[in-house]
Each structure stands twice: as C-alpha cells, then as structure tokens.
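A.B. asks: Structure in structure tokens, see below.
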Amino acid sequence: MKIRTMKLREAHKSADNGDTSMCSILWSSNGDRIVTASSSDNSICIHDVISPSNAPKLLRNHREGVTALALSPNSSCLASGSLDHSVKLYKFPGGEFETNITRFTLPLRAVAFNKSGTILAAGGDGEGIKLVNTIDGTIARVLKGHTGSVTSLAFDPKSEYLASLDAFGTVIYWELQSGSTLHVLKDIAPYNGCDAALMNILAWSPDGEMLAVPGQRNDVVMYDRDTAEKLFSLRGDHFEPICFLSWSPNGKYMATSGIDKQILIWDVDKKLDIDRQKFSECISCMAWKPQGNALAVIDVTGKYGVWEPAVPSPLKSPTEDIPDLYSKKSNGFLLFDEEEQPSASGNLSDPNEDSLGEFEPPSRKRLRKCSKYDDDWEEDCGDELESIPKAESHKKASHGHKDNPNGKSGSRNMIVTTGTKMQEAFQPGATPAQPGKRRFLCYNMLGSITTMEHDGYSHVEIDFHDTSSGPRIPAMTDYFGFTMASLNENGSVFANPCKGEKSMSTLMYRPFSSWANNSEWSMRFEGEEVRAIALGSAWIAAVTSLNFLRIFTEGGLQRYILSLDGPVVTVAGYKDELAVVTHSSPTLPSDEQMLEIRVLNIPHGTESLRGRLPLTPGSYLTWFGFSEEGQLSSFDSKGVLRVFTNQYGGSWLPLFSASKLKKPEENYWVAGLNASKLFCIVCKSPESFPQSTPKPILTLLDLSFPLASSDLGADSLENEFMMINMKLSQIQRNIEERLASGHHTTSLDDEAFNLETSLDRCILRLIASCCNGDKLVRATELVKLLSLEKSIRGAIKLVTALKLPNLAERFSNILEEKLLNERAENNVSVRPDVASAKLFTAPDICKASESVVPSPIHTLPSTSLVRKQNAEEPSKDRNGKMEENETKRSEKTIDIKTGKLKSDEVGETKKVDQLNVSRPSNPFAKPSSNQESSSLFDSLKKMKKGK
C-alpha cells in the first residue's frame, strides 16, 4: 500500500516553549464549517469550508487554552472546555456567547452532548463527571469513579449509557437513568504519560452496538455494548500506540491516528487497513464529514487540513447506508419541542427526557454476537486471550426497578484488570467510593472506619469489633473529603487526594486519648498527593506522589523524610515496624507486577528486610499487612495468601489459595489473619469488595499450604506437618532474639516443646499412612524427623505390629545413631542397659518388643530449636553438688493401635549402675556438664570387657 502525505495549514499558534498541544476539530452537521481549538490558544476558530479564503471567525471567551469541543447533534449549540476550569456554550454557527454552563476546580479535558442535546457531560482533572442540563444549567448528576483525569466521554446513540475513559486507561460504563456503574474495565487503553497532547479517546459505533477503545498492543479493541466483553480488535501497521480514533458516519470505516505520525483507514468488517497517510507531526484529532468522503485532521502544533477522498473511490462511501438511529432528527440547544423538553430539574430518570421510552430495553447481544464473530475469535484469540477483560452481563435496570428484589437501583462496581500498566497505590481495608452509599475508609482486625458523603461534606464513624476493649469514639464531620484511613489501638489517621484550586492534600491524626486538650493535628501538602498511610506505636507514616516517605510523631513532629526508589503501591504498620511496597521496575510483558518491599524499624532507624514481593503471575496486590503475631503477609488478586518467614534466609510461604476451595463464584476480601485462620469477607462474584451496610460478616478460613494431591491420600496430615514446622521456625527465631537480649525464654521453651510433641504425633500418623501405602522409604525419612526417643520407640513398635521387620531394624539403627550423636555432642549420661547391646535385630523383634524395660523420657536433639547450655542449669547447693529432683515425672508412651502419644505416671525405674537420669525442667536447656556421665562409646567398651 502506497503511503501518501498531505500538507496542513496553520489554524492555531503552537506553544511558546515549543511543546505540543491538545487540539480539537469538528464538522458542522451540514459540512459547511469546521471548528478548531488548541490548548495553547484561548480562541476557537470557525472556518468556512465553502469559502476557505475568508478569515475564520474567532471566539475569545476563555482566559486560557481550549482543551475540548462538542457540537449538539443539530449543530445549534457549541460547547467548549478550557484550562481555565470553565465550560461555555455558544450559538452556532454565529458564535454568540450564551453562558458559562458550569465550572470545575481543575482543567477540563472532555465534553460531549447526548443525542437530543439536552444533557452535556463534562470531565477533566477534577473529581467526577458532571451531567449538566443545557436548558437551565442545573447539575443533573455527578458521576464519580475515575482515579485519573477523564480524557474522553461518549453517549451511546441510544442515550442509555455514557462511556468514559481516563488517563490511566480505565473505561467505565455508566447507566444514565440510575447514575450507577455497569462495568469497570481497568488498564485496557495505553497510558500516554504526562503528554497532554496525546489523550486517550473512545467512541461508540453509529449503531450503538460496539464501543471502540485504543488497545495496549497498538490496536483498537471493540467491546460489546451491554456485556462489555471483547468482540474483536483491529491490528495493522501502527507501530506505536493509537491516540485518536473516529468512526465513519455509516460505521463501515474507522480512522485511527497513532504516535507514529500516521493515519490508517480501516474496513471494520474485514478488519483490514485500506489506506494511510503520513504526517510530520502526530495527529491530535480527526472528524469525518457528515456528507461526502472527507476526513478533517489537526495535529499537535495546531495545523489542520482535509483528507479527501479518505476512502478509496472504488469502495463504498463512508456516508452510504447511515443507520436510521444515527440520522434521526434530534433537538438542540434552545430549539426544543415542547413534548420532548426535559423537566426543569434535569432529572435523568425522568421518562420524558431524551425519549428514553421510545426504545425497548435492549436484549442481550452476546449469543448473537458470538455466532457473528466466531471467525473473528479464531483469528484473534491466539496470544490475546490472556489479556482480554472479562465482564459479567448486567441486565439493564427497568424504569420502575421491578426486577430488583433489594429495591436498590443500579448495580455495584465490577473491576476487570488487564494490560501491562503498573498497579496504582491503594489503602488496605478501604473500598471504592459509591455515590450515595456508605463505604469503608479502613477495615482491619481491630475495627472499621466508614464514611458517607452528604451535601458537600462527609459523616465519618469509627467502630471497634470488640466494643468492650476499644474506646467509644464520637462521629466526625469531614470537610476535607478523606478517601483513606488507618486505625490502631492509639488513634486514627486520615488523608485525601489533592483538592481545590491550590491542589492541596491533607493528612490528619486523631488520638483516642491524650493528657492534652487539643492533641489532634493536620498537615497540608501543596502540589503533593498522599497515596498511602500507616500507623505504628508512636509514629504515623504517609507516602506521597513525589515518592516521599514522611514520618511524623504522635504529637505531629515531622521526624523523617525519606525518598523511595519507586512509586508506592501500599504501606502497613505494626508496633515499631513499617512495611512499604513500591514498584521496582515497569510491568513485565507477561503482565507481572515488579514489586519491592522494605521493612523499616522506625524508632531505631534501621532496615530489617528488603527484597522482591512475590505475586501470582498476571495478578496484582489486593491486601497487605501484618498478622496478629506480627508476621508480614500479602494477598493477591488470584486469591493467594503469602506469609514471610525466616526459613531459607527469608522466604514467602503460600498459606492459602482460593483455587483450592473450588468456589469460583466467591471472592475473598481480606481483613487480617492470625497464626491459623484467615479473616475475610466473602463476596459473591463479580463483587470484589463488601458493602458497609448492612455490617458484613467475617468468615474464618483455615490456613493451609496449596499441596499437590498426594499418593497417600493424607493431605491434611501433610499440611499439619508443614504448618507445625513453620510455627516451630518462628518460635526458634523468637527464642534466639530473647536470648540475645538477655530475657528469659521459659514460656517460649514450653510452647516449643508442646509443638514438638504435636509434631511427633503427626509424624507417627504419617508413618502409619506410609506403611499402609507401601511407601517405606518415605516412612524412613519421616522417622528421622522425630524429636523424642519415646516417639522413635513408638514408631518401632508400630512397624513391628504391622509386621515390617526390615523397617523396624532400620528404625532401630536410626535411634542408635541419634543416641550416639547426642552423647558425643552433649556429653549426656546414658543408661548402661540402653547402651549395652544392639537395640533391635530382625530375628529378635518380637522378643525385644515384649521384654524392653521402660526407660525415662530422653529428648533427642531438636531439629528446629537452638538451645543455650546456660539457659536453665539445675540448681546447686553450697558444696557444688547437684540437687536431686525427687518429684515424679510424666512419661510419654505410645499407643501402637492409634499411633498416638499418651501420658503415664512413672515411679521408680530399674537402675543398672545407680545412675540417675532426669529430664531438665527446661526441655530446651542442655543438662549440666558437672553431672557424672559416660559416653555411649565408653559404655559399649565396658560391656565388651564384661563379656
């Protein structure tokens, strides 16, 4: 295909500093005029196409550059949005100024009329999309849901939906009657950075059946009108992202412009590019001529021109067979018929407005479209299927809401994430804003903070799950519009994004108790937005859009300001520790987020951990925090919970996987966890977060490793085995830390001994399963992990009862080897009858099992605990002699039938060489070296001489 070029002429001056500008271009409905505007010029130009030599008419009512234009369907009214935060209306084509229809606190980026011209939608950098009644200028509704600047707005031709797109590539379907969100498609359009001249755009097909959005792969993706499912894509010779697109009047063709400075004309049905033009600058905006075969274009320097013919002449004209819906006459500003004029209140749910009643509710198109695009899927699926956003069908709410059993209009948000965009910052335990509904600013294991907006301010309430332990906190009136909060036993902290003309972000701390009367404080950040906050013991942390980590004391002293390595994702606090998650690099082509974690000790000014935060491939982080015991934990969008331990130099262990529950209809919104349970709120798909009213019910789920299906069929035992080992590792760390700091470890020692006993019970049951399943090698591996001598003897009796003499002999050798190693290392006294002969031999198994003399408990060297010899030594008298412990001791024995340990009271035992052996009161302390003792090796030599 031959690439053509065309010359453009200047309509607006480019920016003084040489930067590019966001330029707009429109055709009048009869095709005799072209309207242009530029963000670097405060004037709007109306060009006479019939007499191009005539100077254009200039409209200079804005104080700053014009960023958006829209014409009512019958071209009787022109709307413009500007960097000066205002939206103005003019008569067209005369250009007489009519009114300032509305104002925003930040610059405008997009304006659009509905089919009849009675409603104007406007959005930009500020919060919310305003729907303005063009008759009396009243605000019919404000739609809130975007986190980034709104760059494009489009009413569907049937005036049932409004589609909006923001700078981060998120598309939202809005239902006009209820003002609720039908679908939220995240990260489906490219992110063009801070270049204001290259803003994302979306457009409905003329028949209203498809929504076209620029894709992440230099393509255009078509989404279904009702289900928001991907239908197909147009992918051709654009080698950089598409920044603008425009449907031909009949919907057969589409024009796309890319950052690669070329325009492609597409045959939509065939999915082929049929023509192209090359330009010296990127084309910022395009518009098809309503009558004829022409395309008006304008580039980022303010130069415009007309490409004619845009569609090669042998092909069907772009204005032939225009859909009736599109060409139907409609009213415009100040030219309303009485029967179609909306009510003065501008209520979008008024059935007379916009002729909403003249169309029957749309049927679901999915089945019909599936058959229509079967061939398209075969061509398109390939490697694209993994990045296709899926959305559940939403039935359109009826005018009377008869089909809604709960009596609630609209539907809840449905979030679909795809693409390669880096995850935005989020606050753990916070839910998205929903107009007219109470939502959570914070929800954790301690309590919750809720807010509800009303008449420009919000009502904030703090509740504790255990009302008897937490203080009673009075409700608060919020005039700042807080969107995030954090809560602990000492107080609460709040923050909001940038607001107002000065773009200020606010951080406020409220302690629950203080000796001072006015202990509450707040901080303001100009041109810097708070992205995430956390609380700890006597400190408050906030991370901002400048990648600053700001640390404050409880009294409000600004203590530290640190620069982070990348954009923040989230933060969490626990006592002295602050954990910060940031992006370490852009997202990988496989859609994997590259996240880094740092754990800081705030009082000591040290860093205790730094490394990668693992996520399931293709997922993003949904919750992050500490367990009740202080273990760092994370939960991703694939339903995998990970907990950090010190095993293997510091590793993340997967302790829960939603896929193992096999309940795809459920989503789990995490509130916290403890050593054995995950606390979450179960949300029915497609919901991903709970409503604050009625109060949600916490569900407790058991922590378990996502084990493979074992050939033993003992998955629960294997999971118990791994969970106890993990807890022992954690206790080992705590014992080491307490010993290093000079503290007593008695309570931890007892807890660890109980865990080791439980672990032995679990291992014995596993050994029994291995023997029954003929997995003898695995049974031998397990017996080596037993901690108590009596446990190994019980294992020997177990395999003897199962008539496995060879395995019993192996177990005996393992016990003998362990005793030898223990005596050699610790120099502990032993009983001569234990050391005098080989414990078991294969021919004498049965005899040995009957005649073996019960011996006192002997604890083998623990595989998981570090003991200090001087942790707890037996007490001595003044002469240095050991005091004998004359109390009776509890002895652990093993029930062969059940394979479980049981306790028996043991009296006096037989003595061979009058050697008194007793277990120290501390099971993790080594016996004193002052005791009279002999090694097992010496005992064996004596026995040999005796023979």
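A.B. asks: Using the Karplus equation 6.51 cos²θ - 1.76 cosθ + 1.60 (θ = phi - 60°), what ³J(HN,Hα) coupling, rounded to whole Hz, does each residue of the range 811-822 give in order, writing x for Gly and Pro?
C.D. replies: Those phi angles translate into 5, 5, 5, 5, 5, 4, 5, 5, 5, 4, 4, 5 Hz.
A.B. asks: For the range 217-231, what does the Karplus curve 6.51 cos²θ - 1.76 cosθ + 1.60, with θ = phi - 60°, yield as ³J(HN,Hα) per residue in whole Hz, taken in order and with x for Gly and Pro?
C.D. replies: Rounded to whole hertz, the list is 10, 6, 10, 10, 10, 9, 10, 5, 4, 9, 9, 6, 7, 5, 9.
A.B. asks: Distance from a point 7 Å along Cα→Cβ of Leu272 to each backbone N in the range 287-322: keep the residues under 19 Å and list them by number.
C.D. replies: Of the residues in the range 287-322, 310-318 have backbone N under 19 Å from the label point off Leu272.
A.B. asks: Going down the table (Lys7/Lys115; Lys158/Lys499; Lys88/Lys158; Lys91/Lys316), which pairs top 28 Å between alpha carbons?
C.D. replies: Values: Lys7/Lys115 34 Å; Lys158/Lys499 35 Å; Lys88/Lys158 25 Å; Lys91/Lys316 35 Å.
Checking Cα-Cα distances, Lys7/Lys115; Lys158/Lys499; Lys91/Lys316 exceed 28 Å.
A.B. asks: Moving on. For a distance above 13 Å, tell me the whole-number percent of Cα pairs in the range 678-751 that qualify.
C.D. replies: Working: 2082 of 2701 pairs.
Here the long-distance tail beyond 13 Å is 77 percent of all Cα pairs in the range 678-751.
A.B. asks: A follow-up question, please. Ignoring ligands, DNA and RNA, what percent of the 1.4 Å accessible area of the range 624-692 is carbon and sulfur?
C.D. replies: Roughly 50 percent of what the probe reaches on the range 624-692 is carbon or sulfur.
A.B. asks: Percent relative contact order of the range 68-198, based on C-alpha pairs within less than 8 angstrom and at least six residues apart?
C.D. replies: Working: 327 pairs, mean separation 18.7, N = 131.
RCO, the range 68-198: 14 percent.
A.B. asks: Radius of gyration and Dmax for the range 17-88's Cα atoms, expressed in Å?
C.D. replies: 12.3, 38
A.B. asks: Ranked highest first by average number of other Cβ atoms within 10 Å, how do 219-231, 18-30, 609-621 line up? Display every interim value, and only then the final one.
C.D. replies: Numbers: 219-231: 22.9, 18-30: 20.0, 609-621: 16.9.
In descending order of packing, they fall as 219-231, 18-30, 609-621.
A.B. asks: Here's a follow-up. So if we plug the beta-carbon distance of Phe97 and Ser503 into 1/(1 + (r/R0)^6) with R0 = 30 Å, what FRET efficiency do we get, rounded to 0.05? Show your work: numbers first, answer last.
C.D. replies: On the way: r = 29 Å, r/R0 = 0.96.
Efficiency for this residue pair is about 0.55.
A.B. asks: Taking amide H positions as placed 1.01 Å from N in the peptide plane, with prolines and chain starts having none, which residues 5 or more places from Cys285, or on another chain, fall under 5 Å of its amide H?
C.D. replies: Ile298
A.B. asks: In percent, what relative contact order does the range 471-510 have, based on Cα pairs under 8 Å that are 6 or more apart in sequence?
C.D. replies: Numbers: 47 pairs, mean separation 11.9, N = 40.
Relative contact order here is 30 percent.
A.B. asks: Now a separate question. For His146, which sequence-distant residues (separation of 5 or more, or a different chain) have an amide H within less than 5 Å of its own amide H, given hydrogens modelled in the peptide plane?
C.D. replies: Correct list: Gly128.
A.B. asks: With the Cα gyration tensor of the range 727-799 in hand, convert its eigenvalues to equivalent ellipsoid semi-axes via √(5λ) and list them largest first in whole Å. Mind dumping the intermediate values first?
C.D. replies: Numbers: eigenvalues 195, 25, 14 Å².
They are 31, 11, 8 Å, listed largest first.
A.B. asks: Here's a follow-up. Could you state the accessible area per residue of the range 151-268 in Å², with a 1.4 Å probe and every protein chain left in place?
C.D. replies: Numbers: 2250 Å² over 118 residues.
On a per-residue basis, the range 151-268 sits at 19 Å².
A.B. asks: Rounded to two decimal places and with Rh computed the Kirkwood way over Cα pairs, what is Rg over Rh for the range 538-630?
C.D. replies: Numbers: Rg = 13.9 Å, Rh = 14.1 Å.
The Rg/Rh ratio comes out at 0.99.
A.B. asks: Please state, as a whole number in µm²/s, the translational diffusion coefficient that the Stokes-Einstein equation yields for the range 1-127 at 4 °C and 1.567 mPa s, with Rh defined as the Kirkwood radius across alpha carbon pairs.
C.D. replies: Values: Rh = 15.2 Å.
The estimated diffusion coefficient comes to 85 µm²/s.
A.B. asks: Once the piece of chain linking Ile697 and Ser53 is laid out straight, how much longer is it, given 0.36 nm per residue of separation minus the C-alpha distance between them? Before the final figure, lay out the partial values.
C.D. replies: Numbers: separation 644, 0.36 × 644 = 231.84 nm, distance 7.20 nm.
Additional length available on full extension: 224.6 nm.
A.B. asks: Under the definition of Cα pairs under 8 Å and six or more residues apart, what whole-number percent is the relative contact order of the range 251-318? Walk me through the intermediate numbers first.
C.D. replies: On the way: 131 pairs, mean separation 16.3, N = 68.
Normalised by residue count, the contact order of the range 251-318 is 24 percent.
A.B. asks: So, one more: Between Asn674 and Lys803, take the C-beta separation as r, use R0 = 51 Å, and let me know the FRET efficiency to the nearest 0.05. Provide the component values of the computation, followed by the final result.
C.D. replies: Numbers: r = 44 Å, r/R0 = 0.86.
E between Asn674 and Lys803, to the nearest 0.05, is 0.70.
A.B. asks: Could you list the square roots of 5 times each eigenvalue of the Cα gyration tensor of the range 577-671, that is, the equivalent ellipsoid semi-axes, sorted largest first and rounded to whole Å?
C.D. replies: Numbers: eigenvalues 115, 58, 27 Å².
So the equivalent ellipsoid measures 24, 17, 12 Å along its semi-axes.
A.B. asks: Could you point to the residue in Ser519, Val569, Thr553 farthest towards the positive end of the range 486-618's charge dipole, with +1 and -1 charges on the Cβ of Lys/Arg and Asp/Glu respectively?
C.D. replies: Selected residue: Ser519.
A.B. asks: Expressed as a whole percentage, what fraction of the accessible surface of the range 565-623 belongs to carbon and sulfur atoms when a 1.4 Å probe is rolled over the protein heavy atoms? Spell out each step's value before the answer.
C.D. replies: Numbers: 1330 of 2470 Å².
So the carbon and sulfur contribution to the accessible surface is 54 percent.
A.B. asks: In whole Hz, what ³J(HN,Hα) sequence does the range 792-807 give by Karplus (6.51, -1.76, 1.60; θ = phi - 60°), x for Gly and Pro?
C.D. replies: For the range 792-807, the Karplus-derived couplings read 5, 5, x, 5, 5, 5, 5, 6, 5, 5, 8, 6, 10, x, 4, 5 Hz, x marking Gly and Pro.
A.B. asks: For the range 207-319, state what percent of all Cα-Cα pairs lands in each successive 5 Å bin, counting from 0 Å until the bin that includes the largest distance.
C.D. replies: Going out from 0 Å in 5 Å bins, the range 207-319 shows 2, 12, 24, 24, 21, 12, 4, 1 percent.
The values are calculated or read from the model by the stated rules, or taken from the named source; none is laboratory data. Small disclaimer: the values here were computed from a predicted structure and weren't measured. Every residue, glycine as well, gets a Cβ built from its backbone with ideal geometry; the counts of neighbours run over all protein chains shown. Heavy atoms of the whole protein, side chains included, go into the accessibility calculation; ligands, DNA and RNA do not. Shrake-Rupley method; radii C 1.70, N 1.55, O 1.52, S 1.80 Å.
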